[in-house]
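Below is one structure, written out as structure tokens, with a few remarks after it.
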Amino acid sequence: PALGCEVNGGFSGDWIPDNGLVEVVCECEPGSVHAAIAIVTRRPSLPATPERLMILTRQFEVSWHSKLDRYNGRGLFFCAVMMGFAMTHMSIACIAELCWRA
């Protein structure tokens with residue numbers, strides 16, 4: 001109920017009927033009594049607080065040689081394959097040119 005109002009019938013403040021209506025007698029000023037209807041709904045219960053997220057960090061010593069090998073190994077292999085294709089193409093073109101001129 002609002003400030004200065006009392007619940008009629010001896011109900012406790014925690015008790016709310018199913019329809020949500022409670023008869024309230026309000027005495028805003030001494031000697032001035034009037035009836036009012038309060039419409040109340042229960043608030044939903046608060047969700048459980050989530051557990052704190054624990055973040056663990058670790059540092060590892062890494063040699064630059066191992067990082068270079070890991071990250072650039074595929075690139076080096078691709079470069080070698082493309083150079084092989086280029087050398088094969090140039091060799092075939094050179095042989096075809098020499099055979100054409102002969």
remark   = Per residue, the convex hull enclosing the Cα atoms of region 48-98 spans a volume in Å³ of 99
task = Evaluate the distance, in nm, between pseudo-label points positioned 7 Å from the Cα of Y71 and of T49 along their respective Cα→Cβ axes.
result = 4.2
query = Which loop-located chymotrypsin sites (Phe, Trp or Tyr not before Pro) does region 42-77 contain, where loop means any DSSP state but H, G, I, E or B and the Cβ has at most 14 other Cβ atoms within 10 Å?
reply = F60
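Every read-out reported here was derived from the displayed coordinates using simple, explicitly stated rules and does not represent laboratory data. Remember, predicted model here, so these are calculated numbers, not experimental data. In this analysis, Cβ positions are derived from the backbone assuming ideal geometry, glycine residues included, and neighbour counts consider all displayed protein chains.
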